[in-house]
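*Asks:* A single structure is presented below for examination.
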Amino acid sequence: MDHQKQNIIIDLKDLMIGYRTRGVQNAFTYGPINLSIHSGDLIALIGRNGIGKSSLLRTITRLQNPVGGNILLLGKDDFSYNRAELAKIISFVSTEIVGVQNLQVYEMVSLGRSPYTNWLGKLEHFDHSSIQSAIDMAQIRHLTAKFIYQLSDGERQKVMIARALAQDTPVIIMDEPTAFLDLPSRYEILRLMNELSGQAGKTILFSTHDLDIAMHEADIIWLMLNEGIAEGAPEDLLFRQQFHKLFLNSPLEYDQQSDGFRLKKEIHKTIGLQGPEEYVFYTEKALKRIGFQVNGTNEDMIRVEVVSEGSGIIWILEAGIETRKFKSIYELTYYLKYNCK
Amino acid sequence: MDSMKPIHHDTGIHKSFLIFLLLAVAFFLFALDLITGPVKIPFKQVFVTLFYPGSVDPIWKQVLFDFRIPKALTAMIAGSALAVSGLQMQTIFRNPLAGPDVLGISSGAGLGVALVVLGFDRFFSGGEMLYISGWIQIVAAWTGSAVVLLLVMAVSLRVRDIMTILILGILFGSAVSAVVSILQYFSEQTMLKTYVIWTMGNFGSLTGMQLNVLLISIAAGFAVSVLSLKRMNVLLTGETYARSVGLNLKSSRILIFLSTSILTGSVTAFCGPIGFVGIAIPHLARLLFRSADHKVLFPGCIILGAIMLLISDLISQMPPQDTHLPVNAVTALLGIPIVIWIIVKNQRLVSVS
């Protein structure tokens, strides 16, 4: 525990976040938050829309003032740092699309060196090597001569992360770094974040709606709920059944078998399923999807048997006295959906 | 390995070559401007007059030193100042259509001038007071542009939509014109004529003292501008990213607004409201230099702005007529096609300069 205490890089003390709107007293607040970030952590911040994830990240980055409490950065109150000093400790990546014409990728990444360059922003030899290693870490070397507007969303996001890497800060804060990205790009960004925290020792706090990704990649999850932030390894939170609170009044549930989050299904009927194991697996998946509880027995009113017949497979459905044969899972589920409910 | 290769990104040589080329063009146009005018001075004699002023016709000497050189210089200074001011506004408002005239900044400066010319100038019409009067005129113009700039900024912090801000800029401009019309209604005829001629734009009417005042002011404006080059580069990525790399937004805005007000105000005070240079030239610079770096665009705008107003001045005194066309009309006819091109190019006007 002592070892952990020494490694605290950011400490939130009774932090109240939100907006003070003139006229309305504290139009929106959330807190108090008491949490610590340890050096090298990869933390995923999860919560429903509008609960204040962005506000929390922006408050820690000091793009927004806290409503109350304080933030200790490396043991000192973060307001004792000026903005230039702060920029050497925390860097920020958002989903904001920066559409500057005529700005090359290399120049964009080099803007991350701003806290270190002189009044004219002249890049020294050291700055160039910093930029190049950021470019290599983010694996965007092939993009350096391109203009920002020529990039895909995923490429642009990697460039913005490279910019944060060139800023050379121990802490990187990212607001929904995987939003708007397709699945492969999301995993690429997450792989990059994982490497940065594991190999480069960066401390990363990011918000996301990608529960599955967060569960598999993050060291720690901050689960932002109405009653406060639940903190722990993804498995800790599963163990403590914390996710149920997030999904209160929502159709999602955690499916232990597949280790992921699924839409809750209302079970309409039970169905019997038999056959060789390799065929049963996918058939069962399909039957569950359309709302059946699948039993391996023969006692149900409706039963499906999967058999191989000649060169193909057929699905035999027995419902009472009726017996039907289907050539594909789709045909089977289509029939069940409209005839057996 | 791939990572061993150095990254080629520096195209500095091509950019400095372009700058020299443009400088040569500017110098050529400056020379052309010196030999053009109602009084015929042979090409060779212009240079003889410049370098051996004692040996030529005193009339030529007078025409060159008292009229043509100050006029050409004023045109260059005005073009440079307006172009840089437009560049700064497009960056800080993140708006490709921002410019001193579009957002009503020139009108603000015009109101300052109108107040001085139409309202108070009668107190300063004495010869000795001319120098002071020059400063009063220019300070009034600075104040006018700064007030409108602050108003536009205050609105743009609440309204993010580019079109709305442009419309508001036009409204501010109209409000200012309304005030000016009221002033005109109550002013004497001679003052009125001075004011109307001023609104047409002119580079040739500056006294030596006024040219001095203009030179000092523009030099100061450029100095402040140079101080904010790095800040403007950082601001390209938007305010959130700019602050996250350590930019102090407030002091940056103050610096950039200060130089924009000085540059626009000074030129407008003495040369009149000259439109479309501030909005068009920065885009021309971006197009030619293929860069968003203000360390490149700043000198680029200075030279291109000077070139555009030298061309405008040449067109405005084109033979056969002996009189000057209003410079304002010429810059509008040159600048508007470029502005239309900008609008057509980024049809969705949500993108950044």
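The values are calculated or read from the model by the stated rules, or taken from the named source; none is laboratory data. Just so you know, these numbers come straight off a predicted model, no measurement behind them. Please note: Cβ atoms are built from the backbone with ideal geometry, for glycine as well, and neighbour counts cover all protein chains shown.
*Asks:* In segment A:131-158, which residues are charged (D, E, K, R), closer than 19 Å to B:A242 by Cα and within 12 Å of chain B (Cβ to nearest Cβ)?
*Replies:* A:R156 - this is the single residue of segment A:131-158 that is charged (D, E, K, R), closer than 19 Å to B:A242 by Cα and within 12 Å of chain B (Cβ to nearest Cβ).
*Asks:* Separate question: If A:V109 meets every condition in (1) buried (at least 24 other Cβ atoms within 10 Å of the Cβ); (2) touching a Leu at 6+ places or on another chain (Cβ under 6 Å); (3) free of Cβ contacts under 8 Å to residues at least 60 places away in the same chain apart from one, which number is that one?
*Replies:* (2)
*Asks:* Still on this structure, please answer the following. Take segment B:201-222 and flag every residue that is surrounded by 16 or more Cβ atoms within 10 Å (Cβ to Cβ) and more than 13 Å from B:P70 (Cα to Cα).
*Replies:* Scanning segment B:201-222 gives B:G201, B:S217, B:I218, B:G221, B:F222.
*Asks:* Sticking with this one: If you go through segment B:108-139, how many residues are at pLDDT 60 or above, surrounded by fewer than 20 Cβ atoms within 10 Å (Cβ to Cβ) and of a type outside the set (A, V, I, L, M, F, W, C)?
*Replies:* Counting residues in segment B:108-139 that are at pLDDT 60 or above, surrounded by fewer than 20 Cβ atoms within 10 Å (Cβ to Cβ) and of a type outside the set (A, V, I, L, M, F, W, C) gives 1.
*Asks:* Also, I was wondering about something else. Would you check if there is a residue in segment B:211-231 being farther than 29 Å from A:E107 by Cβ and touching a Pro at 6+ places or on another chain (Cβ under 9 Å)?
*Replies:* yes
*Asks:* Given the residues A:L181, A:L86, A:L196, A:L192, which is the only one that is of a type in the set (A, V, I, L, M) and either within 9 Å of chain B (Cβ to nearest Cβ) or more than 24 Å from A:L211 (Cβ to Cβ) (or both)?
*Replies:* The conditions single out A:L86.
*Asks:* Please work out if A:E96 is facing chain B (nearest Cβ under 7 Å), in contact with a Gly (Cβ under 8 Å, 6 or more places away or on another chain) and either without any contact (Cβ under 8 Å) to a residue 12 or more places away in the chain or among the charged types (D, E, K, R) (or both).
*Replies:* Answer is yes for this residue.
*Asks:* What pairs can you find where one residue is in segment B:43-55 and within 14 Å of B:F65 (Cβ to Cβ), the other is surrounded by 15 or more Cβ atoms within 10 Å (Cβ to Cβ) and aromatic (F, W, Y), and their Cβ atoms are less than 7 Å apart, with a gap of 6+ or different chains?
*Replies:* B:Q45/B:W60; B:T49/B:W60
*Asks:* Return the residues of segment B:243-257 that are touching a helix residue (DSSP H, G or I) at 6+ places or on another chain (Cβ under 8 Å), at pLDDT 90 or above and in a helix (DSSP H, G or I); say none if nothing qualifies.
*Replies:* Selection gives B:R243, B:S252, B:L255, B:I256.
*Asks:* Listed residues A:L42, A:L73; which is more than 13 Å from chain B (Cβ to nearest Cβ), touching an Asp or Glu at 6+ places or on another chain (Cβ under 7 Å) and modelled with pLDDT of 90 or more? Walk me through how you get there before you give the answer.
*Replies:* Details: A:L73 fails: touching an Asp or Glu at 6+ places or on another chain (Cβ under 7 Å).
Just one listed residue meets the conditions, A:L42.
*Asks:* Could you grab me the full set of residues in segment A:125-147 that are out of contact with any helix residue (DSSP H, G or I) (no Cβ under 6 Å at 6 or more places or on another chain) and part of a helix (DSSP H, G or I)?
*Replies:* Scanning segment A:125-147 gives A:H125, A:F126, A:H128, A:S129, A:Q132, A:S133, A:H142.
*Asks:* Here's something else I'd like to know. Return a yes/no flag: does segment A:115-130 have any residue that is within 18 Å of B:T240 (Cα to Cα) and either at the interface with another protein chain (Cβ under 10 Å from one of its Cβ atoms) or surrounded by fewer than 16 Cβ atoms within 10 Å (Cβ to Cβ) (or both).
*Replies:* Checked segment A:115-130: at least one residue is within 18 Å of B:T240 (Cα to Cα) and either at the interface with another protein chain (Cβ under 10 Å from one of its Cβ atoms) or surrounded by fewer than 16 Cβ atoms within 10 Å (Cβ to Cβ) (or both).
*Asks:* Of all residues in segment B:286-300, which are closer than 17 Å to B:F222 by Cα and at the interface with chain A (Cβ under 8 Å from one of its Cβ atoms)?
*Replies:* B:D293, B:K295, listed by residue number.
*Asks:* Could I ask something else about it? Of B:A141, B:A154, which residue is without any contact (Cβ under 8 Å) to a residue 40 or more places away in the chain, assigned to a helix (DSSP H, G or I) and not polar (S, T, N, Q)? Quick ask: steps written out before the conclusion?
*Replies:* On the way: B:A141 fails: without any contact (Cβ under 8 Å) to a residue 40 or more places away in the chain.
Sole residue among the options that is without any contact (Cβ under 8 Å) to a residue 40 or more places away in the chain, assigned to a helix (DSSP H, G or I) and not polar (S, T, N, Q): B:A154.
*Asks:* Within the group B:S252, B:S225, which residue is surrounded by fewer than 24 Cβ atoms within 10 Å (Cβ to Cβ), hydroxyl-bearing (S, T, Y) and in contact (Cβ under 8 Å) with a residue 12 or more places away in the chain?
*Replies:* Criteria check complete, one pass: B:S252.
*Asks:* Quick one: which of B:G265, B:G272 is touching a Phe, Trp or Tyr at 6+ places or on another chain (Cβ under 9 Å) and at positive phi? Working first, answer last.
*Replies:* On the way: B:G265 fails: at positive phi.
Criteria check complete, one pass: B:G272.
*Asks:* Testing B:A269 on (1) assigned to a helix (DSSP H, G or I); (2) within 14 Å of chain A (Cβ to nearest Cβ); (3) touching a residue at least 40 places away in the same chain (Cβ under 8 Å), one condition comes back false. Which one is that?
*Replies:* (2)
*Asks:* Failed condition for B:T194, given (1) within 17 Å of B:Q137 (Cα to Cα); (2) within 13 Å of the chain's Cα centre (by Cα); (3) of a type outside the set (A, V, I, L, M), with all others met?
*Replies:* (2)
*Asks:* If you scan segment A:256-283, which residues turn out to be surrounded by 14 or more Cβ atoms within 10 Å (Cβ to Cβ) and under 29 Å from the mean Cα position of the chain (by Cα)?
*Replies:* Correct list: A:F261, A:R262, A:K265.
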